[in-house]
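Okay, structure first, notes after.
The values are calculated or read from the model by the stated rules, or taken from the named source; none is laboratory data. Keep in mind that what you see is a predicted model, and the values were worked out from it rather than measured. With ideal geometry, Cβ positions are generated from the backbone for all residues, glycine too; neighbour counts draw on all protein chains shown. Quick note on the areas: whole protein, heavy atoms, side chains included, nothing else; ligands and nucleic acids left out. Shrake-Rupley method; radii C 1.70, N 1.55, O 1.52, S 1.80 Å.
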Amino acid sequence: MLTREEIEQSIHQALIKVHQDAMNAAKRAHDTATSSESVAENKYDTFGLEASYLAHGQSVRVAECQADITAFEQLFTLLKHRALNQCDSRKPKFIAVGHLVELVDAEDIVSLLFMGPSAGGLKIELAKRNFMLITPQSPIGEKLMSREVNDEVSINVAGKLHQYEIVGIY
């Protein structure tokens with residue numbers, strides 16, 4: 001199984017990459033919006049206006065990515081603090097934010113999900129295994145919160161009902 005440090009490091013690296021990609025996209029959008037080629041040639045030419053809207057949207061995305069990084073840094077700090085103050089190292093009993101959850105479906109396909117504070121849907125590869133970030137506000141996150149190992153959950157994905165068993169909480 002993956003270690004807590006490996007999971008945290010891979011999440012942090014993935015969030016930094018998404019943030020960098022967003023900053024690059026924002027820079028390109030800003031450059032396009034402020035280019036002399038974006039100046040309207042007539043009242044129907046809206047390219048410059050559209051480029052400025054895109055630049056604004058990209059700058060908002062950069063701020064959201066930075067907020068995701070901050071939220072995970074705070075979560076990891078809290079988890080480390082809790083780990084230092086606990087006398088035992090038992091596995092968690094109930095799913096909560098900060099846990100890696102292992103699910104298996106009826107076809108014995110294993111899925112790994114990390115319950116995080118934000119950045120839901122981000123897929124991360126680590127040691128030839130993939131896991132996805134989910135949040136408690138997502139449909140699957142709502143179903144999993146406070147569940148325990150051996151619980152079964154039904155999740156509607158794209159109009160199809162999927163059954164999962166929780167086989168591990170880390």
Residues of the range 17-44 satisfying the condition of being surrounded by 13 or more Cβ atoms within 10 Å (Cβ to Cβ) and of a type in the set (A, V, I, L, M) = Val18, Ala22, Met23, Ala25, Ala26, Ala29, Ala33
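Would you please name the residue that is nearest to the chain's Cα centre (by Cα), looking only at residues in the range 139-149 that are of a type outside the set (D, E, K, R) and at pLDDT 95 or above?
Per the stated criteria, the residue is Gly141.
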inquiry  = What's the number of the only condition in (1) part of a helix (DSSP H, G or I); (2) open to solvent by 80 Å² or more (accessible area, probe 1.4 Å); (3) modelled with pLDDT of 85 or more that Leu84 fails to meet?
reply    = (3)
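Please work out if Val97 is part of a loop (DSSP other than H, G, I, E, B) and either without any contact (Cβ under 8 Å) to a residue 40 or more places away in the chain or among the β-branched types (Val, Ile, Thr) (or both). Even if it seems obvious, please write down each step before you answer.
On the way: part of a loop (DSSP other than H, G, I, E, B): yes; either without any contact (Cβ under 8 Å) to a residue 40 or more places away in the chain or among the β-branched types (Val, Ile, Thr) (or both): yes.
Yes.
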query = So which residues in the range 113-130 are buried (at least 16 other Cβ atoms within 10 Å of the Cβ) and within 21 Å of Ala67 (Cα to Cα), if there are any at all?
reply = Leu113, Phe114, Met115, Gly116, Pro117, Ser118, Ala119, Gly120, Leu122, Ile124
query = Does the range 93-106 include one or more residues that are among the aromatic types (Phe, Trp, Tyr) and open to solvent by 40 Å² or more (accessible area, probe 1.4 Å)?
reply = yes
